[in-house]
There are 2 protein chains.
Amino acid sequence: MNIIDIINKKKNKQTLTFEELDYVIKGYLNDEIKDYQMSALLMAITINGMSEEETINLTNIMLNSGDTIDLSEVNNIVVDKHSTGGVGDKTTLVLAPLVAACGLTIAKMSGRGLGHTGGTIDKLESIKDFKVDISNEDFIKQVNEINVALVSQKDNLVPADKLIYALRDVTGTTSSIPLIASSIMSKKLASGASKFVLDVKVGEGALIDNLDDARKLAKLMVKIGKANNKETICVLTNMDEPLGCAIGNGVEVIESINFLKGNHVEDLYTLTTSLAAIMVSIGKDVGIRQALIEVTEKLENGEAYQKFLDMVSYQGGNIKEIELSSKIHSIRSNKSGYINRIDPLKIGNLVKQLGGGRTSKDDVIDLGVGFLLNKKVGDHVLENEELLKVYYGRGDIKIKDIINCFEIDIIEKTQNPLIYEVIK
Amino acid sequence: MNIIDIINKKKNKQTLTFEELDYVIKGYLNDEIKDYQMSALLMAITINGMSEEETINLTNIMLNSGDTIDLSEVNNIVVDKHSTGGVGDKTTLVLAPLVAACGLTIAKMSGRGLGHTGGTIDKLESIKDFKVDISNEDFIKQVNEINVALVSQKDNLVPADKLIYALRDVTGTTSSIPLIASSIMSKKLASGASKFVLDVKVGEGALIDNLDDARKLAKLMVKIGKANNKETICVLTNMDEPLGCAIGNGVEVIESINFLKGNHVEDLYTLTTSLAAIMVSIGKDVGIRQALIEVTEKLENGEAYQKFLDMVSYQGGNIKEIELSSKIHSIRSNKSGYINRIDPLKIGNLVKQLGGGRTSKDDVIDLGVGFLLNKKVGDHVLENEELLKVYYGRGDIKIKDIINCFEIDIIEKTQNPLIYEVIK
């Protein structure tokens, strides 16, 4: 077997065998296959595609390229949730304690932000002293005691994906649906949960910008889950505007706390309760309506918030000290009208420019900066009324660029639904 | 402009502008664009193709990536010939003095062998003391005095092609017709001649294995030539068996000398006189029949051979000492019948195994080893009659593997023509 023959096969639209894919991943990990050969193969896959069987095989080979988390000592059903990444997406912060309050276990490993999207681990670190690096033993002890833990992904979990993901990022091969599916699912399967709910974001602020591709990705991930005997449900959701009002690390944690205390922004509420209800439904094997009633109850009676406080306290965090800049600037609208669009990609990139996001993995980020929207899409705004607050840090951005994120018109535009469809 | 956007354009089947291709080549030469990005782009080009305009632009950008040879001080028409590479292809050794004897100038830079095909420069070095590295001044002086010089390609001629060619070799991107065309034509155009005859080999022993692709490549190269105001004619020829009887370095030089002395093998004779006639026809602007008469005459009256001797002497070579192994083994047929096939790829690889070719560029080759066929395709052989002589060196090969290069049957198979077509 040699890498050039394998590249040529995929170039000629042929199917790669399990053994060939295994040879590629092992060879790449031990540096026998070079970056320039891997990127040529990734481009051939991006253009010519992979069959379902190839994608399932690739996922399992990646999954077994490093450690996997053994949750057999957790004496409860472990459900997991993943989002393909959006702007202002603090769903995990709210969803994890909410689902735990419903009696299921959330033993979740999350990532850091890169590019225009944030990461749960960065957000949690804006809570003073919150520990995200926890040993396997402590992780299992915590979830057995309080049903919930949010920690950073272990270093040797799916090392093949780490390398390939970094290479795809710089070689124009991020858009391949089979590669996205195997990347997400190998990490999910390695994390040890038994049931998965995947939030596939669709829109310009997301990895996938059209519903057709999102549907393909969702179906593929559901099949990979099934092939591994793990129930997997995908929810296709709209990323046409940032989720909720806060975009940034500390500011999103504060919004999440307010949310758990009962102060609901509509889109965040709809998405979180829907995803939580699906998780409770599959985790406890009950109907979706009954699940939604339970979820709503746990949110309203404060049990979800208490779970959040328990988790923060268990992981050493001080809930009273959340990093937030005191350099606040109010941005006002230059005209009256309906807000027809708030560009999530531009917003995400501006928060990155403020210092709230990373361009490369080694960047140190400013957890206190961000945006807090005073208006959402569909709202009416008057001239000189506040559009948003900016929490400034070291980075500088132009007010004109912020204003340009908003499309305001006298005629109100019809918006896409927040939840497009559920694929299982 | 950035490389990821450019890769994405080609991935999405869009056309790259001159400025984008220029950015790619310059960036790759100064290491701002990495091997893994270039190989992703090369794969996208290999799968999605390039338009004629893109290919012409790429050729000109590569051509200008380094030095070009200025032949303005040569006071004669300079014609050049190139072969896409075959097994036993010593055409240049015979053609160059022959065309020079007809009054045209051949100021030719050639390469070394790699893989299963040989290179003119290696072959010439089997003549004792023959100098292939000559200064530009001496090169021009020589061609002005004797109309012919065969030297090795200058180091800084088309450096972009050198880098890209090496990368294509290890990333499964050698088969792209636009990339082959721009590689060949950038080197040809940089070498300073004004008219080109290109021998496009077709068959399993060649870069291109089917007539359709060969035709596409030929048409593209003719267009690139025209776009640069250089008359270019392509001849599509058969590489179903080695050309002539000798395969190896010294042994091919000896066959060439015998040929120039009047000892003709049919296929080599047909190909050489046809290519020479086309060169004379375009170089002197005469009809092809008149050109063929002149070529035949110069071959028969010994003037072509004299040119060869003049060139060897001018370049310091000693024609009486040609490297050839004295370890000769005669291989005999194990059955009677017609020779229906002599596999050129297998033969080329066996000569490489003998030590006569390179696996990597730094390999030192054995100039004295090779094969001398006693039978060609279409000949009849008796059991125990000699098929070929092997000139052994340090490398060892199995007699079974040699015999396996020959297909012998009681029924004679119809063969493809030697010259498929001429494209201009």
Requested in this report: Quick one: A:Asp213 ticks every box in (1) surrounded by fewer than 18 Cβ atoms within 10 Å (Cβ to Cβ); (2) outside any helix (DSSP H, G or I) except a single one, so which number is it?
Outcome: (2)
Report summary line: Per the filter on the range A:95-112, residues without any contact (Cβ under 8 Å) to a residue 60 or more places away in the chain and under 25 Å from A:Glu321 (Cβ atoms) are A:Ile106, A:Ser110, A:Gly111
Query raised in the report: Only one of (1) outside any loop (DSSP other than H, G, I, E, B); (2) farther than 22 Å from A:Ala218 by Cβ fails for A:Thr46. Which number is that?
Result: (2)
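Can A:Gly244 be described as farther than 16 Å from A:His82 by Cβ and open to solvent by less than 10 Å² (accessible area, probe 1.4 Å)? Before you say what the answer is, go through the steps one by one.
Values: farther than 16 Å from A:His82 by Cβ: yes; open to solvent by less than 10 Å² (accessible area, probe 1.4 Å): yes.
It is true that A:Gly244 is farther than 16 Å from A:His82 by Cβ and open to solvent by less than 10 Å² (accessible area, probe 1.4 Å).
Listed here are the residues, each with its yes/no results for (1) open to solvent by 20 Å² or more (accessible area, probe 1.4 Å); (2) within 14 Å of chain B (Cβ to nearest Cβ).
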{"residue": "A:Ile7", "(1), (2)": "no, yes"}
{"residue": "A:Gln14", "(1), (2)": "yes, yes"}
{"residue": "A:Glu32", "(1), (2)": "yes, yes"}
{"residue": "A:Asp35", "(1), (2)": "yes, yes"}
{"residue": "A:Ala40", "(1), (2)": "no, yes"}
{"residue": "A:Met62", "(1), (2)": "no, no"}
{"residue": "A:Glu73", "(1), (2)": "yes, no"}
{"residue": "A:Val79", "(1), (2)": "no, no"}
{"residue": "A:Thr84", "(1), (2)": "yes, no"}
Report task. Would you mind telling me which numbered condition in (1) within 28 Å of A:Tyr391 (Cβ to Cβ); (2) open to solvent by 20 Å² or more (accessible area, probe 1.4 Å); (3) not in a strand (DSSP E or B) A:Thr272 fails? Result -> (2)
**Report entry** Hits in the range A:133-160 - residues which are part of a loop (DSSP other than H, G, I, E, B) and surrounded by fewer than 19 Cβ atoms within 10 Å (Cβ to Cβ)
**Finding:** A:Asp133, A:Ser135, A:Asp155, A:Asn156
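For the subset of the range A:161-191 comprising residues that are open to solvent by less than 30 Å² (accessible area, probe 1.4 Å) and hydroxyl-bearing (Ser, Thr, Tyr), which member is farthest from the other protein chains (Cβ to nearest Cβ)? Steps first, answer last, please.
Residues of the range A:161-191 open to solvent by less than 30 Å² (accessible area, probe 1.4 Å): A:161, A:164, A:167-168, A:171-173, A:176-186, A:188-191.
So of that shortlist, the ones also hydroxyl-bearing (Ser, Thr, Tyr) come out as A:171, A:173, A:176, A:182-183, A:186, A:191.
Details: A:Thr171: 4, A:Thr173: 6, A:Ser176: 10, A:Ser182: 18, A:Ser183: 17, A:Ser186: 21, A:Ser191: 29 Å.
Filtering the range A:161-191 for residues that are open to solvent by less than 30 Å² (accessible area, probe 1.4 Å) and hydroxyl-bearing (Ser, Thr, Tyr), the one farthest from the other protein chains (Cβ to nearest Cβ) comes out as A:Ser191.
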Report task. Just need a number here: residues in the range A:42-60 that are within 14 Å of chain B (Cβ to nearest Cβ), among the hydrophobic types (A, V, I, L, M, F, W, C) and in contact with a Leu (Cβ under 9 Å, 6 or more places away or on another chain). Result -> 3
Requested in this report: Select from the range A:288-303 the residues that are open to solvent by less than 40 Å² (accessible area, probe 1.4 Å) and either touching a Phe, Trp or Tyr at 6+ places or on another chain (Cβ under 6 Å) or part of a loop (DSSP other than H, G, I, E, B) (or both) and list them in ascending order.
Outcome: A:Gly302
Query raised in the report: Taking the stated definitions as given, is A:Ile121 buried (at least 22 other Cβ atoms within 10 Å of the Cβ) and either in contact with a Phe, Trp or Tyr (Cβ under 9 Å, 6 or more places away or on another chain) or hydrophobic (A, V, I, L, M, F, W, C) (or both)?
Result: no
Report task. Could you please let me know if A:Gly115 is more than 14 Å from chain B (Cβ to nearest Cβ), open to solvent by 10 Å² or more (accessible area, probe 1.4 Å) and in contact (Cβ under 8 Å) with a residue 12 or more places away in the chain? Result -> no
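The values are calculated or read from the model by the stated rules, or taken from the named source; none is laboratory data. Only a predicted model underlies this, so the values are computations on that prediction, with no experimental measurement involved. Glycine also receives a Cβ, built like all others from the backbone with ideal geometry; neighbour counts cover every protein chain displayed. The protein model used for the area step is the full one, side chains on, heavy atoms only, and it has no ligands, DNA or RNA in it. Shrake-Rupley method; radii C 1.70, N 1.55, O 1.52, S 1.80 Å.
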